[in-house]
Amino acid sequence: MTLWFIRGLRRGVVTTRYPARPDASAASLPTPPSFRPQALTSQTADRLALICPSGALHRDRRVLVYDVGRCTACGRCAAEAPDAVIRSGEFELATTDRSVLIKKIPVRGEAL
Amino acid sequence: MTAVEPKTVPGEVTTFQVASPHLEAVVRDLAPALRLADMFASGGDATTLRLVWANDTVGQAGYVITETPLETGVYPALSDVAPAAFVEECEIYEQFGIRPATGKPLNRVMLPPHAGPPPPGLPTLGHKPETEPEEARAQHTVGGHAFEFPFGPVRQVGVESLYYGLVTSGEEVVDLYLFTWHKHRGLEWRLRGKTPQQALFFAERTEGLSAVALGWALAAAAEAATGTWVPEAAERTRAVALELERLYNHAAAMAALCQSTGLTVGQSAAEIALERLLRLNAQAFGHRYLFGVVAAGGVSRAPDADAIRKILPDAYGEFERAADALLGTNSFLDRLEATGVLTAGQAKVLGLVGPVARASGLAADARQVPGGPYGNETAIATGTAGDVLARFTVMLAEAAESVRLIGRFLDEGTAEGVAELPRTSGAGLGWAESPRGEALAWVELGDDGRITRARLRPASARNWRGFDDACRSQNVFTDIPIIEASFWLTVAGMAR
């Protein structure tokens with residue numbers, strides 16, 4: 001056991017400085033999508049809602065409703081419509097208010 | 001007897017029709033020579049019973065499926081002939097309401113006992129069980145000085161819901177049974193009507209720690225059903241991801257073994273290796289748990305080969321240093337040796353797979369099936385003692401082999417590529433060797449190319465049935481977490 005104690009001390013601290021400093025590995029993490037309203041047509045919105053496997057997207061008349069809480073960042077929407085969807089790079093999504101996670105994205109050419 | 005005796009063809013899946021009156025005799029013939037890998041039902045009113053048999057002999061590895069249309073709501077009690085069939089008999093009763101002809105008591109596997117006959121809303125397949133629910137749970141006898149100690153489903157160690165029914169006389173484990181249904185999600189039910197590509201999302205999440213293996217098995221099943229050929233470079237990409245999955249799982253199992261034996265610094269050392277391997281996954285494939293790599297017909301992305309070549313030696317170095325230190329710690333090894341022993345006979349009768357079976361001397365490994373990217377050069381590590389130490393050493397040898405295989409596959413070439421699956425009907429079986437053992441998937445596609453029935457059989461669904469035997473083999477309470485860590489199973493895989 002003494003050897004393990006010494007081994008532990010010798011190994012030192014290996015944790016990163018996150019959140020005080022950005023974590024280098026964050027760049028390779030999958031992140032939820034970000035939508036470009038100017039490229040988002042109602043047809044595209046319907047297509048995205050259809051392929052989303054976790055039901056995070058649906059169209060409500062003139063807006064695409066995006067529930068970040070249901071999104072698994074699988075990337076299917078970004079692959080389906082790369083013009084209208086990009087990866088946000090955002091992964092710090094915690095909130096105390098569930099409604100903050102519901103985003104409404106206007107569909108192109110139609111007022112919100 | 002049947003007119004044609006079912007035989008395996010190396011690297012192939014051979015399907016035979018067996019009439020219901022002959023089924024018991026066929027099982028009696030096949031059980032000594034082959035491993036009963038899975039059993040499931042499909043269909044609605046016209047139910048078909050399928051048994052998947054594996055030949056594990058090196059150079060002969062392949063699968064046989066026997067298909068038996070059932071005209072009535074009963075079939076022969078196959079678990080009396082092949083005990084490996086018992087859990088599936090219980091499952092088929094819950095899903096389809098058909099049961100062995102002897103009327104033997106069955107355990108609840110997927111649905112909770114208090115659920116009764118499946119009400120609307122509970123995921124199930126086929127029609128309702130016709131028998132009252134109290135008959136659907138085998139009774140556990142507690143007598144003499146023994147008493148039952150309920151433990152779980154919420155436990156301090158292990159984030160998954162799992163209930164232990166521990167029967168003990170004070171310290172020794174007299175009997176143990178498990179309730180694994182708390183996190184049943186009805187995944188096979190949810191896959192109906194989905195395209196293979198849509199179904200992959202769910203297959204990967206059936207058992208997140210086997211995302212690549214289950215994804216690969218399901219994709220291969222769909223590819224077999226549609227006659228789709230996957231490019232070799234894409235197959236090698238899948239294999240790289242699968243070996244990375246094995247590496248991080250074995251690191252996690254090592255950390256769990258340290259935790260269960262109270263070796264905190266060792267646990268930290270193993271978790272450092274684990275974290276480095278997970279970060280490597282993220283850099284190589286864009287996801288720490290390798291989700292989204294496998295696609296129906298190929299792979300969605302190629303690995304970052306440079307990142308793997310640069311990071312893997314250091315990450316595996318952490319793993320190796322922790323393992324070497326543990327193998328030099330007598331107080332650790334003492335807890336592992338002669339603990340949770342499973343004999344080769346027990347492992348064979350129960351149809352166990354993966355490191356658990358290999359540590360008992362059974363060299364079953366789905367990577368040996370000819371036709372895949374592995375060829376016949378994969379070194380299969382085995383043990384003989386069948387205890388926790390044997391399972392640990394098998395995992396260490398497998399990790400070293402995984403590193404070698406990753407290097408080989410990268411040298412041979414990996415690439416992104418997806419072959420489009422034709423929209424056609426068909427059925428197929430797929431397999432992959434997950435870190436816990438052979439993962440199987442079987443799909444049946446309708447004319448529109450959508451799934452009409454999918455069967456997912458992670459290795460956990462096989463190996464939990466050996467856990468209680470391992471715990472009963474002259475062990476005490478405090479050995480159970482050690483045995484559980486050495487099995488390294490998931491409840492999710494069982495309660496899919």
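Kirkwood Rh, Cα Rg: Rg to Rh for the stretch B:413-484? Kindly include the intermediate steps, with their values, before the conclusion.
Numbers: Rg = 19.1 Å, Rh = 15.6 Å.
Here Rg/Rh amounts to 1.22.
Counting other Cβ atoms within 10 Å, keep those with at most 12, restrict to DSSP loop, and tell me which trypsin sites (Lys or Arg not before Pro) in the stretch A:47-110 are left. Please list the in-between numbers first.
Values: sites: A:Arg47, A:Arg59, A:Arg61, A:Arg62, A:Arg70, A:Arg76, A:Arg87, A:Arg98, A:Lys103, A:Lys104, A:Arg108; in loops: A:Arg61, A:Arg62, A:Arg108.
Here the trypsin sites (Lys or Arg not before Pro) that fit, given the DSSP loop and packing criteria, are A:Arg61.
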| task | Partner chain Cβ atoms within 10 Å, averaged over the residues of B:327-337 - can you pull that number for me? | result | 1
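Which whole number gives the average count of other chain Cβ atoms within 10 Å of the Cβ atoms across peptide A:23-30?
5
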| said: What's the whole-number percent of alpha carbon pairs in the stretch B:295-379 lying beyond 18 angstrom? | reply: 71
| Cut-off 14 Å between beta-carbons: net charge of the residues surrounding B:Arg367, Lys and Arg +1, Asp and Glu -1 | -3
| Cα-only Debye scattering, the protein assembly as shown: base-10 log of I(q)/I(0) at q = 0.05 Å⁻¹ | -0.22
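Checking the a/c ratio against 1.5 first, then a/b against b/c, what shape does the Cα gyration tensor give for chain B? Intermediate results must be reported in sequence, preceding the final value.
Working: a/c = 1.62, a/b = 1.08, b/c = 1.50.
Oblate is the answer for chain B, as a/c is 1.5 or above yet b/c matches or exceeds a/b.
So what's the net charge close to A:Thr44: Lys and Arg +1, Asp and Glu -1, counting the other residues with Cβ under 11 Å from its Cβ?
On the way: positive: A:Arg36, A:Arg47, A:Arg59, A:Arg108; negative: A:Asp46, A:Glu80, A:Asp83.
The answer is +1.
Roughly how big is the protein assembly as shown's charge dipole about its Cα centre, with Cβ charges of +1 (Lys, Arg) and -1 (Asp, Glu), in debye to the nearest 20?
For the protein assembly as shown, the charge dipole is close to 1800 debye.
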| message | Let's test the formula: R0 of 45 Å, r as the Cβ-Cβ distance of B:Asp29 and B:Glu337. What FRET efficiency results, to the nearest 0.05? | response | 0.70
| field | Simple spin-label estimate for B:Arg192 and B:Lys310 in nanometres, 7 Å along Cα-Cβ | value | 5.0
| request: Grab the other residues whose beta carbon is less than 12 angstrom from that of A:Arg70, score K and R as +1, D and E as -1, and report the net. | output: +1
| note | For peptide B:267-273, the mean count of other chain Cβ atoms within 10 Å per residue Cβ is 2
| request: Could you compute the FRET efficiency for A:His58 and B:Phe149, with r as their C-beta to C-beta distance and R0 at 51 Å, rounded to 0.05? | output: 0.60
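Summing -39500 (n - 2.57) over the DSSP H runs of n ≥ 4 in chain B and dividing by its residue number, what mean residue ellipticity at 222 nm do you reach, to the nearest 500 deg cm²/dmol?
Calculated at 222 nm, the ellipticity per residue is -12500 deg cm²/dmol.
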| request: Order these peptides, B:203-211, B:72-80, B:334-342, by their mean beta-carbon neighbour count within 10 angstrom, highest first. | output: B:203-211, B:334-342, B:72-80
| query | For the stretch B:17-86, which GluC sites (Glu not before Pro) are both in a DSSP coil and crowded by at most 15 other Cβ atoms within 10 Å? | reply | B:Glu71
| task | Report relative contact order for chain B in percent, whole number only (criteria: Cα-Cα under 8 Å, sequence separation at least 6). | result | 18
| request: Would you please give the residues with an amide H less than 5 Å from that of B:Ser434, counting only those at least 5 places away or on a separate chain, with H modeled from the backbone geometry? | output: B:Ala439
| field | chain A - Kirkwood radius from inverse mean 1/r over Cα pairs (Å) | value | 16.3
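Considering lysine pairs in chain B that are 8 or more places apart or on different chains, how many have Cα atoms under 24 Å apart? Walk me through the numbers on the way to the answer.
Values: B:Lys7/B:Lys348; B:Lys104/B:Lys128; B:Lys104/B:Lys348; B:Lys128/B:Lys183; B:Lys128/B:Lys194; B:Lys183/B:Lys194.
The number of close lysine pairs in chain B is 6.
Report the extension gain between B:Ala363 and B:Arg404 in nm, rounded to one decimal, defined as 0.36 nm multiplied by the number of residues separating them, less their alpha carbon distance.
Details: separation 41, 0.36 × 41 = 14.76 nm, distance 1.93 nm.
Taking 0.36 nm per residue and subtracting the Cα distance, the gain is 12.8 nm.
Which trypsin sites (Lys or Arg not before Pro) in the stretch B:356-432 pass both tests, a DSSP loop state and at most 13 other beta-carbon atoms within 10 Å?
Details: sites: B:Arg358, B:Arg367, B:Arg391, B:Arg404, B:Arg408, B:Arg423; in loops: B:Arg423.
Taking the stretch B:356-432 and a limit of 13 other Cβ atoms within 10 Å, the loop trypsin sites (Lys or Arg not before Pro) found are B:Arg423.
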| remark: Between the modelled labels at A:Lys104 and B:Val9 (7 Å from Cα along Cα→Cβ) the distance in nm is 6.1
| field | Anisotropy class of the stretch B:308-349 from Cα gyration tensor, a/c 1.5 cut | value | oblate
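Provide the FRET efficiency to the nearest 0.05 for the A:Ala26-B:Thr424 pair, computing r from the beta carbons and using R0 = 51 Å.
Working: r = 43 Å, r/R0 = 0.84.
Efficiency for this residue pair is about 0.75.
Bear in mind these aren't lab numbers, they're just calculated from the coordinates by the rules spelled out. The model shown is predicted, which means the values in this text are computed figures rather than measured ones. So basically every Cβ, Gly included, is an ideal-geometry build from the backbone, and we count neighbours across all protein chains shown.
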